[in-house]
1. Identify all residues within the range 42-53 that are within 13 Å of Ala13 (Cα to Cα) and either of a type in the set (A, V, I, L, M) or without any contact (Cβ under 8 Å) to a residue 24 or more places away in the chain (or both); write none if there are none.
2. Taking the criterion of being within 21 Å of Leu75 (Cβ to Cβ) and of a type outside the set (Gly, Ala, Ser), would at least one residue in the range 33-43 satisfy it?
Amino acid sequence: MLATQPARDTQCAALLLSGAEALRRVLHHAQPASIRPICERALAALREQLGADQLASIWQAGQNTSLGAIVTAALDHASGY
């Protein structure tokens, strides 16, 4: 279980970032310039850890998943600690 936890953390982070981007798009709210570099660094780290194909797959899932489902997944993930 412990060996797979970092991978689950990384996948959950990618899903949350994708969901946040999808929500901003629906609300017509641009990503604040102050957090853009942070998000770009996070995405680069996720791409390195997951690989481009897996990140793209998780990103697409986040774009097509309801906000409620993403929040539920994050809460379920957090309760696993």
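The values are calculated or read from the model by the stated rules, or taken from the named source; none is laboratory data. Since the model is a prediction, treat every value here as computed from it, not as a measurement. Neighbour counts are summed over all protein chains in view; Cβ atoms, including those assigned to glycine, are modelled from backbone coordinates with ideal geometry.
1. Hits for the range 42-53 are Ala42, Leu43, Ala44, Ala45, Leu46, Arg47, Leu50.
2. No: the range 33-43 contains no residue that is within 21 Å of Leu75 (Cβ to Cβ) and of a type outside the set (Gly, Ala, Ser).
Residue-by-condition table, conditions (1) modelled with pLDDT under 90; (2) surrounded by 12 or more Cβ atoms within 10 Å (Cβ to Cβ); (3) in contact with a Phe, Trp or Tyr (Cβ under 9 Å, 6 or more places away or on another chain); (4) of a type in the set (Asp, Glu):
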position	(1), (2), (3), (4)
Ala22	no, yes, no, no
Ala44	no, no, no, no
Asp53	no, no, no, yes
Asn64	no, no, no, no
